[in-house]
Structures are given as structure tokens and as C-alpha cells.
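Scroll down for the structure; my scribbles are underneath it.
The values are calculated or read from the model by the stated rules, or taken from the named source; none is laboratory data. Note that this is a predicted model, so its numbers are computed, not measured. Here the Cβ is made from the backbone with ideal geometry for all residues, glycine too, and neighbour counts use every protein chain on show.
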Amino acid sequence: MNKDNYFDDGISSGTITASRQEFESAMFISLLKNLKYLLVGRNNELLSFEKVKTGFGLYKRNNLGVRPVFVDDIIGSLDRYSDFDRYFLPKKAHLQRRWAQIHNLLLRDVILPPVKLYKVGKVYFVLDGHHRVSASKKMGVKYIDAEVIEYITDVEITPDMDPKEIVLLIEKENFLNLTGLKINRPEIKTRVTAPGQYDILLGQINKLLVQLNENIKEDKKLLTFKEASLIWYDNIYLPAIETIKNYGILEKFPNRTKTDLYIWINEHKRYLSLKYGREIVIKFAAKDIMRMYNKNPFRRLALSIVNLKYRLIKKFRRKK
């Protein structure tokens with residue numbers, strides 16, 4: 001049972017009107033934030049704890065007891081991430097009655113039971129007490145008492161991270177674990193800037209696995225996915241990254257990573273192979289991309305502006 005339901009309605013209609021108005025204000029602010037985030041292509045939703053738990057393979061946990069928690073560090077929920085936005089502002093009208101009641105109790109300095117939170121890295125997810133967290137945040141409360149259970153992980157998750165960044169971390173962790181590269185190649189450095197890109201890499205490895213096993217004689221043991229991943233990393237991915245470095249492609253696209261460009265060039269390689277009806281090598285695909293870049297003056301101008309912006313940002317950060 002949600003502890004927010006323990007509180008009765010022993011409050012006059014006059015005293016709770018202000019809290020209802022605060023709820024309406026909170027919903028309106030949430031709507032404005034949703035529109036703002038929609039325009040810039042960002043996510044304004046709470047994180048799903050189950051998605052994070054499954055993605056990072058979280059199982060070990062410690063009970064940290066009751067402690068004060070910084071409210072701004074609470075960025076997710078166990079099962080009500082669609083009811084509140086990432087700022088814990090209410091998104092649905094049916095939340096008003098309980099929200100206003102909790103808000104009114106807080107206004108009158110009534111001591112409420114601690115909320116229940118899960119902790120992952122440096123962020124928290126609400127198990128019980130969503131209305132209390134939301135009303136507290138709207139009132140500008142800095143800390144809230146909470147019973148905390150911590151899930152152990154070596155992945156760094158911080159409250160200032162965009163939900164997209166955390167999704168990318170989950171996808172990366174899943175990729176490294178499925179391929180075994182986290183253990184077999186601990187020095188590996190892969191980073192993408194868009195969700196779903198690691199699925200493309202997994203698809204490449206799976207295709208390679210099928211090709212390799214088709215050439216193995218019947219009396220030989222078939223390769224595993226992790227064995228094919230090592231072959232892919234050592235003989236396909238790393239040489240391609242060297243090609244990207246040698247052609248200076250990364251300098252042309254400073255807002256992209258080496259792995260982004262590896263995927264992009266491989267997709268272009270696949271397109272060229274279909275176009276010419278034969279297998280195209282990665283170097284040819286890289287040359288063709290540079291040729292396309294050099295022929296387009298508008299693209300060069302746009303990218304030169306981006307380059308300038310990133311140089312200025314780096315220069316400013318060095319001075320800080």
C-alpha cells in the first residue's frame with residue numbers, strides 16, 4: 001500500500017484551495033517543460049528503475065537505512081514514471097486530490113513518514129512516496145527523509161545526466177557484457193551519441209559469426225558469439241578506427257565520436273557495395289565520404305562553424 005494513502009481528509013476545503021492551485025501551477029509548468037524538451041528533441045520523463053536495473057544487471061544491494069536525501073538527486077521511479085516528469089512535476093489530473101493533500105500537510109509542517117528510495121550510483125528512484133517527493137520539490141524543499149536501498153554498480157550515474165546519456169550507458173554496458181569485451185578487452189573505448197547504435201554493432205558481430213561458422217569444418221567446434229566479438233574487435237573495428245584517424249575524418253565532425261563514424265562509414269560501405277554490386281573496402285568508403293564532404297561548400301561552412309564552436313568551448317574550459 002502506498003503510504004500517501006494513509007493521510008485522511010481532515011482539512012477544510014478553504015485551507016486546501018491554495019494547494020490545489022499549486023497543483024494546477026505544477027501541471028502547467030510541466031506542460032511548458034514538455035513542449036520545450038520536445039522542441040529540442042530531448043526527453044522530459046522520469047527514468048524507469050526496472051529499465052536501469054535490467055540494463056546494468058543490478059542484483060547486489062545494501063540497506064542504507066533512513067537518511068536525508070537531496071531532492072534534486074531523485075530522478076526516477078519504480079512504476080510511476082509516466083505520472084510525473086523528470087522534475088517530478090505532476091502530469092495527470094487524477095493526481096490532484098492526493099497531491100494537494102500532501103502539499104497542504106507539508107505547508108502545516110506535519111511530519112510525514114520517510115519515502116522509500118532505491119539508489120543507483122548517485123541518483124535515486126522512488127519506490128514509495130511519489131506525491132511527497134513531487135510536492136516537496138514544488139515547494140523548494142532541499143532534503144527529504146528516506147529509507148534507502150542501494151543497488152551496487154561501478155557505472156557512474158549522476159543527477160545532471162540527460163536521460164538519453166543514461167540510456168546510452170545502459171546500451172553500452174549491455175553491448176560490453178554480451179560481447180565479453182568488457183573482460184577480454186578491458187581497454188576498449190566505444191561511445192556513441194544516439195540510442196540504438198550498439199544494436200548495429202551487435203548485428204555486425206552476429207553476421208560475422210554466421211560467416212565464420214559456415215567456413216568451419218564439421219569436425220571442428222563452432223565459434224561462440226564472444227569469440228566472434230574478439231575477432232570483430234581486433235580485425236575489423238580497430239583497423240577501421242585507424243583508417244578514420246588517418247583520413248582525419250573525426251576533425252571534420254567534432255560533435256561525433258570514432259564509433260559514430262565507424263558505424264556511419266560502414267553503412268556507407270554497405271550502400272556502395274549494393275550500388276556497385278561488389279564488396280567495397282572500408283578505405284574506399286572513407287575516401288568517398290571525404291569526397292562528398294569536400295564537394296559540398298555548405299556542409300564545409302556548417303562544419304567549420306561547428307569546429308569553431310568546439311574550439312572555443314575547449315579553450316574556455318581550459319581557462320576555468
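Structural remarks
For every residue, the table says whether it meets (1) under 33 Å from the mean Cα position of the chain (by Cα); (2) farther than 14 Å from T243 by Cβ; (3) at pLDDT 80 or above; (4) not assigned by TED's automatic domain parsing to the domain that holds T193.
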{"residue": "L261", "(1), (2), (3), (4)": "yes, no, yes, no"}
{"residue": "W264", "(1), (2), (3), (4)": "yes, no, yes, no"}
{"residue": "H268", "(1), (2), (3), (4)": "yes, no, no, no"}
{"residue": "E279", "(1), (2), (3), (4)": "no, yes, no, no"}
{"residue": "F284", "(1), (2), (3), (4)": "no, no, no, no"}
{"residue": "R291", "(1), (2), (3), (4)": "no, yes, no, no"}
{"residue": "K295", "(1), (2), (3), (4)": "no, yes, no, no"}
{"residue": "A302", "(1), (2), (3), (4)": "yes, yes, no, no"}
{"residue": "I305", "(1), (2), (3), (4)": "yes, yes, no, no"}
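- Against the list (1) without any contact (Cβ under 8 Å) to a residue 60 or more places away in the chain; (2) in a helix (DSSP H, G or I); (3) over 22 Å from G180 (Cα atoms), the condition P254 fails is (2).
- Selected residue (only one of E165, E156 is within 18 Å of the chain's Cα centre (by Cα) and not in a loop (DSSP other than H, G, I, E, B)): E165
Per-residue answers, yes or no, for (1) under 16 Å from the mean Cα position of the chain (by Cα); (2) surrounded by 12 or more Cβ atoms within 10 Å (Cβ to Cβ); (3) farther than 26 Å from I170 by Cα:
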site	(1), (2), (3)
E22	no, yes, yes
F28	no, no, yes
Y37	yes, yes, no
R42	yes, yes, no
E50	yes, yes, no
K53	yes, yes, no
Y59	no, no, no
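- Y143 among the hydroxyl-bearing types (S, T, Y), at pLDDT 90 or above and surrounded by fewer than 16 Cβ atoms within 10 Å (Cβ to Cβ): yes
- Annotation: I111 fulfils all but one of (1) under 16 Å from E22 (Cβ atoms); (2) loosely packed, with under 15 Cβ neighbours inside 10 Å; (3) of a type in the set (V, I, T); the unmet one is (1).
- Number of the condition not met by S136 [criteria: (1) modelled with pLDDT of 90 or more; (2) over 24 Å from S19 (Cα atoms); (3) among the polar types (S, T, N, Q)]: (2)
- Cβ-Cβ contacts under 8 Å between residues 6 or more apart (or on different chains), taken from a first residue in region 15-29 that is assigned by TED's automatic domain parsing to the domain that holds I102 and over 16 Å from F88 (Cα atoms) to a second residue that is loosely packed, with under 13 Cβ neighbours inside 10 Å and at pLDDT 85 or above, are absent.
- Of the set (1) modelled with pLDDT of 90 or more; (2) within 25 Å of the chain's Cα centre (by Cα), all apply to L238 but (2).
- Candidates are the residues of region 161-192 that are among the acidic types (D, E) and touching a residue at least 12 places away in the same chain (Cβ under 8 Å); the one that is nearest to Y37 (Cα to Cα) is D162.
- Identity of the residue in region 115-153, of a type outside the set (D, E, K, R) and in a loop (DSSP other than H, G, I, E, B), that ends up nearest to M27 (Cα to Cα): M139
- Test: residue in region 98-107 that is touching a residue at least 24 places away in the same chain (Cβ under 8 Å) and part of a strand (DSSP E or B): no
- Here I157 meets each of (1) assigned by TED's automatic domain parsing to the domain that holds L107; (2) at pLDDT below 90; (3) among the hydrophobic types (A, V, I, L, M, F, W, C); (4) in contact with a strand residue (DSSP E or B) (Cβ under 9 Å, 6 or more places away or on another chain) with one exception, condition (1).
- Any hit, region 172-184, residues being over 30 Å from Q21 (Cβ atoms) and under 12 Å from the mean Cα position of the chain (by Cα): yes
- Of the numbered criteria (1) touching a Ser or Thr at 6+ places or on another chain (Cβ under 6 Å); (2) modelled with pLDDT under 85, the one H103 fails is (2).
- The set of residues in region 246-259 that are closer than 16 Å to I188 by Cβ and not β-branched (V, I, T) contains only K258.
- Qualifying residue in region 175-184 (condition: of a type in the set (V, I, T), surrounded by 14 or more Cβ atoms within 10 Å (Cβ to Cβ) and either closer than 24 Å to K287 by Cβ or modelled with pLDDT of 90 or more (or both)): yes
- Applying a threshold of 6 Å to beta carbon distances and a minimum spacing of six or more residues, or different chains, the list of pairs starting in region 130-153 at a residue that is in contact (Cβ under 8 Å) with a residue 24 or more places away in the chain and over 10 Å from K116 (Cβ atoms) and ending at one that is acidic (D, E) and part of a helix (DSSP H, G or I) reads H131/D4.
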